[in-house]
1. What's the extension gain from LEU39 to ILE79 if we count 0.36 nm per residue and subtract their Cα-Cα distance?
2. Order these by the 10 Å Cβ neighbour count, fewest first: ILE65, ILE92, ILE87.
3. May I ask you to sort LYS55, LYS43 by Cβ crowding, counting other Cβ atoms within 10 Å and putting the fewest first?
Amino acid sequence: MIAFMLFAMVPVQVKAESIPVSKAVTPVSAEAQVLLSRLDEIKSMDKSNLSSGEKKELRKEVRAIKGNLKTMGNDGVYISAGALIVIVLLLILLI
């Protein structure tokens with residue numbers, strides 16, 4: 001019995017077949033393309049001759065652009081865990 005328990009606890013390596021993953025090209029809106037080109041432009045700038053205030057402004061701009069890009073693709077509906085529990089309970093009680 002002990003031997004059975006020991007064999008049950010031994011991790012077994014499973015060889016999975018490797019499936020090539022192709023990256024799907026997502027269509028990018030014109031506004032997102034403009035923001036991405038601005039990010040590339042800022043990245044390629046020579047920042048060594050800029051003052052600290054100008055560098056600070058660039059960092060703020062980069063953060064704002066990245067924030068805009070993150071919120072651009074999020075058009076979904078989010079439900080919190082509490083709301084999900086309430087919905088499930090209501091469905092159970094009413095059906």
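1. Length gained, LEU39 through ILE79: 11.1 nm.
2. So the ranking, lowest neighbour count to highest, is ILE92, ILE87, ILE65.
3. Details: LYS55 12, LYS43 9.
The order, fewest Cβ neighbours first, is LYS43, LYS55.
No lab work stands behind these numbers, since they all come straight from the coordinates. From a predicted model like this one, the values you see are computed outputs, not experimental measurements. We place every Cβ from the backbone using ideal geometry, glycine too, and count neighbours over all the protein chains shown.
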